[in-house]
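Chemist: The following block contains the structure, expressed as structure tokens.
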Amino acid sequence: MYLEKIRQENPLIHSMTNVVVTNFTANGLLALGASPVMAYAKEEVADMAKVAGALLLNIGTLSHEQVEAMIIAGKSANEVGVPVVLDPVGAGATALRTESAKRILEEVNVTVLRGNAGEISSLVGIEVQVKGVDGAVEGEYTEIASEAARLFKCLTVVTGEVDIVSDGHENYAVANGHPWLTKVVGTGCLLGGILASFLAVAKGEEVNALQAGLAYYGIAAEKAFERTKEQGIASFQIEFLNQLQSLTDQDVDQLKK
Amino acid sequence: MYLEKIRQENPLIHSMTNVVVTNFTANGLLALGASPVMAYAKEEVADMAKVAGALLLNIGTLSHEQVEAMIIAGKSANEVGVPVVLDPVGAGATALRTESAKRILEEVNVTVLRGNAGEISSLVGIEVQVKGVDGAVEGEYTEIASEAARLFKCLTVVTGEVDIVSDGHENYAVANGHPWLTKVVGTGCLLGGILASFLAVAKGEEVNALQAGLAYYGIAAEKAFERTKEQGIASFQIEFLNQLQSLTDQDVDQLKK
Amino acid sequence: MYLEKIRQENPLIHSMTNVVVTNFTANGLLALGASPVMAYAKEEVADMAKVAGALLLNIGTLSHEQVEAMIIAGKSANEVGVPVVLDPVGAGATALRTESAKRILEEVNVTVLRGNAGEISSLVGIEVQVKGVDGAVEGEYTEIASEAARLFKCLTVVTGEVDIVSDGHENYAVANGHPWLTKVVGTGCLLGGILASFLAVAKGEEVNALQAGLAYYGIAAEKAFERTKEQGIASFQIEFLNQLQSLTDQDVDQLKK
């Protein structure tokens, strides 16, 4: 029912994301049925965020100026109740990233914080070793998600082999997905935009919507792998986007794990 | 005959475009047979524009600095008679975009202004409602195109279900295309580069060249849809680029609407 | 054996590259088995370069600020012995590019300089005519490579129909590849990242590793062309990435020219 709503309403997703994944993010959002718009200039982000269905902040290739613009956009979204998703790409890998993510979390009311276990654990101060921006860590994903949700007072999604949604008290697991997602750049970043789209049509039922969004995303990967495993990851990427377009709410209900 | 010329001469298209679509634009221009070059720094854009076959200015992810650089490049192109295409992405959606597009139109002799009806109407001051950057509006596309051509003293292309080319007096319609073009990010932006390439080899017959370019682009989409409709929009995007490579002038003559 | 090592060690490749090719570069590196990370801000590039397996500097869409950041990253890499690949995209096409490339070569100990004949010849001061950023020139590729290697005291790779690796004294030719590589944007830029990945696992045998990397890349193109020649260059691009994923050291040994 969320997919149907997104495809009817085509929510505008104001995406302030990194230069590596802008194109893939926009095409993924179009495949889903949302309307991506990228706007980065300080002079316009407040205007754009205000008319959006949701705002995505992703610090993958950040600069001080972009972080400033993200905070302006985030505050503007907060004023009118537009949900905000923060993806703290590479938090823990450099001081600039960790500090920038924390600063955004302090100044903006973030609706959902989404990252891998390495990123989220570095924000809550649990020590783990991170390798690059996609670095996974061993350990208690659920504890990390739950701790972050309490500390930053926002819903938290920690993605990995099993994805965890936490509101700080209850935790929910979604087990769909496929390892080839980690072989295509930007699949984590696009997921932030996908979750933003689900939030845009699901006021008041955010936790449900996040679980549906994660299942939808993982199922698309499972189906894409089935069809392209003989070919390779570039074919997988194309088929993954095709699946994002064609999957229905019924598919998600039937195949979610 | 324009396609043949482009493939013989490989005109250099200096593309100052937005970060979302740079890769797709470059690959689309290569598929056509043109030579894309991206250069953005104030210190070099005048040099690059001067040796180009055409200059593309696209404000999709603009900043003040980039607009300055676009004006430097545009003036340099004007000095040596290099045609300039302006794509005012998102004009009407934020004040920054509307004002930046108008400023470029004032300071640079733009050869062709290309946008959707929402963008162009916001520049000529006709009130319509725009949704996002791809927002279409109901209404008189032809009037909007014609008014813009007279007001800004340049050829104007308004794209939509039917594309309109106007010189302010005569208007020409091209009806090729497919709705899936709106499901792939950057198809409007790439079209600006494609039209720039046609202009680069068609001095003195710009209106004809624009019609041929629009028909070529729309036919590629029609053929791509026929081959990929069972698969989805990501497969469509790939096949669309394949078609841009393989279509000939004869195909365009035969299939244009 | 280099491919096997890369796929076991997944070296982190800190890629400071141009906005046109970031996504393609990252996906190509993932296909190979390396771990791409893009970081551009002055405040973090020294940290990132230090923990990387190799650093890629590509001036394709440069600004003064980015060149500064590249020099900071390069010096940091030098301090800890991380290999540095410089791709002087468009050197010779504008003064800014030629000067920026030379400045990096002066201030950073570059391990490998990689470019086409036009770019490298402009850096060594041999006069040739360059068209755009992909401009090939007639002439003595081997002489250009050898001269650059001596002048800049680094290994030099000049790519073209036949690729040349030179240490300034000995020159080695690799003849794999396919002309369709020139019809996909960023294949030269991605090659810089691929060679950086080979260097990351081949301390002390750089010249061998570069030849293996060039052969691997060219063979992937040959195989991709065989499978997609009836379809077109966009299908070729997808299959090329698939091949980068599936080729083995044995394939390279068997098919290298």
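Chemist: If R₀ is 60 angstrom, what is the calculated FRET efficiency for the pair residue A:1 and residue C:8, using the beta carbon separation as r and rounding to 0.05?
Modeler: 0.85
Chemist: Using a 1.4 angstrom probe with every protein chain in place, what is the largest-first accessible-area order of C:203, C:229?
Modeler: Largest accessible area first, the residues go C:203, C:229.
Chemist: Below 8 Å, C-alpha to C-alpha, sequence gap of six or more: please give me the relative contact order for chain B in percent.
Modeler: 19 percent
Chemist: Could you tell me how far the Cα centroid of region C:63-86 sits from the Cα centroid of region A:204-257, in Å?
Modeler: If you average the Cα positions of each part, the centres end up 40 Å apart.
Chemist: Could you state the accessible area per residue of chain B in Å², with a 1.4 Å probe and every protein chain left in place?
Modeler: Ligands and nucleic acids excluded, the figure is 36 Å² per residue.
Chemist: While we're on this one: Among DSSP bridges having both ends in region B:114-257, what percentage is antiparallel? Round to the nearest 5.
Modeler: 70 percent
Chemist: Considering only DSSP beta bridges where both residues belong to the protein assembly as shown, give the percentage that are antiparallel (nearest 5).
Modeler: Restricted to the protein assembly as shown, the bridges split so that about 25 percent are antiparallel.
Chemist: Accessible area drop of at least 20 Å² (1.4 Å probe, protein heavy atoms): which residues of region A:168-197 qualify, relative to the chain alone?
Modeler: Those residues are A:183, A:185.
Chemist: Also, I was wondering about something else. How large is the Rg to Rh ratio of region C:166-257 when both quantities use alpha carbon positions and Rh follows Kirkwood?
Modeler: Looking at region C:166-257, the ratio lands at 0.98.
Chemist: Determine how large the accessible area of residue B:154 is when every protein chain is in place; take a 1.4 Å probe and give Å² rounded to the nearest 10.
Modeler: About 10 Å², ignoring ligands and nucleic acids.
Chemist: Between B:146, A:57, A:141, whose Cα lies farthest towards the positive end of the dipole of the protein assembly as shown when Lys and Arg beta carbons carry +1 and Asp and Glu beta carbons carry -1, centred on the Cα centre?
Modeler: A:141
Chemist: Tell me, what % of the accessible area of chain C is carbon and sulfur with a 1.4 angstrom probe?
Modeler: 46 percent
Chemist: As a test of reading the structure, rank C:169, C:64 by solvent-accessible area (1.4 Å probe, protein chains only), most first.
Modeler: Final ranking, largest accessible area leading: C:169, C:64.
Chemist: Further, regarding this structure: Using the basic label-point model (7 angstrom from Cα toward the beta carbon), what is the residue B:103 to residue C:207 distance in nanometres?
Modeler: Each label point is offset 7 Å from its Cα along the Cβ direction, giving 5.5 nm.
Chemist: Taking a ≥ b ≥ c as the square roots of the eigenvalues of the Cα gyration tensor of the protein assembly as shown, is the shape rounded (a/c under 1.5), prolate (a/b larger than b/c) or oblate?
Modeler: Here the protein assembly as shown falls in the rounded category.
Chemist: Moving on. For region C:2-255, just say rounded, prolate or oblate: build the C-alpha gyration tensor, square-root its eigenvalues into a ≥ b ≥ c, call rounded for a/c under 1.5, and beyond that prolate if a/b exceeds b/c, oblate if not.
Modeler: It is rounded, given that a/c, with a ≥ b ≥ c, falls under 1.5.
Chemist: Another one. Which value, in debye to the nearest 20, describes the size of the charge dipole of region A:136-257 about its Cα centre when Lys and Arg Cβ atoms bear +1, Asp and Glu Cβ atoms bear -1, and nothing else is charged?
Modeler: Rounded to the nearest 20 debye, it is 320 debye.
Chemist: A further question on this structure: Only helical DSSP H runs with n ≥ 4 go in: add -39500 (n - 2.57) per run for chain C, normalise by residue count and round the 222 nm mean residue ellipticity to 500 deg cm²/dmol.
Modeler: For chain C, the value works out to -16500 deg cm²/dmol.
Chemist: Oh, and also: Once you've got the Cα coordinates, tell me which of B:5/B:153; C:42/C:183; A:229/B:223; A:102/A:229; B:42/C:153; A:257/C:50 are over 30 Å apart.
Modeler: C:42/C:183; A:102/A:229; B:42/C:153; A:257/C:50
Chemist: Where in chain A are the DSSP H helices whose C-alpha atoms run 30 Å or more along the long axis and whose mean Kyte hydropathy is at least -1.0?
Modeler: Helices passing the filter in chain A: A:206-228.
Chemist: Work from the charge dipole of the protein assembly as shown (Cβ charges, +1 for Lys and Arg, -1 for Asp and Glu, about the Cα centre) and give the residue of C:117, B:188, C:241 farthest towards its positive end.
Modeler: Result: C:241, furthest along the dipole toward the positive end.
Chemist: At a probe of 1.4 Å, how much accessible area disappears from chains A and C on forming the pair, both sides counted, to the nearest 100 Å²?
Modeler: Roughly 2000 Å².
Chemist: For residue A:68 and residue A:95, what is the calculated FRET efficiency with R₀ set at 22 Å and r taken between the beta-carbons, to the nearest 0.05?
Modeler: It comes to 0.80.
Chemist: Also, I was wondering about something else. Within region B:226-257, which GluC sites (Glu not before Pro) sit in a loop by DSSP and count at most 15 neighbouring Cβ atoms inside 10 Å?
Modeler: B:230
Chemist: About the Cα centre of the protein assembly as shown, how large is the charge dipole given +1 on each Lys and Arg Cβ and -1 on each Asp and Glu Cβ? Please answer in debye to the nearest 20.
Modeler: 180 debye
Chemist: Would you mind working out the magnitude of the charge dipole of chain B relative to its Cα centre, with +1 at each Lys and Arg C-beta and -1 at each Asp and Glu C-beta, to the nearest 20 Debye?
Modeler: Magnitude of the dipole: close to 300 debye.
The values are calculated or read from the model by the stated rules, or taken from the named source; none is laboratory data. In this text, all values refer to a predicted model and were calculated from it rather than measured experimentally. All Cβ positions, glycine included, derive from the backbone under ideal geometry; neighbour counts span all protein chains shown. Side chains are part of the model used for accessible areas, which takes the heavy atoms of the whole protein and leaves out ligands, DNA and RNA. Shrake-Rupley method; radii C 1.70, N 1.55, O 1.52, S 1.80 Å.
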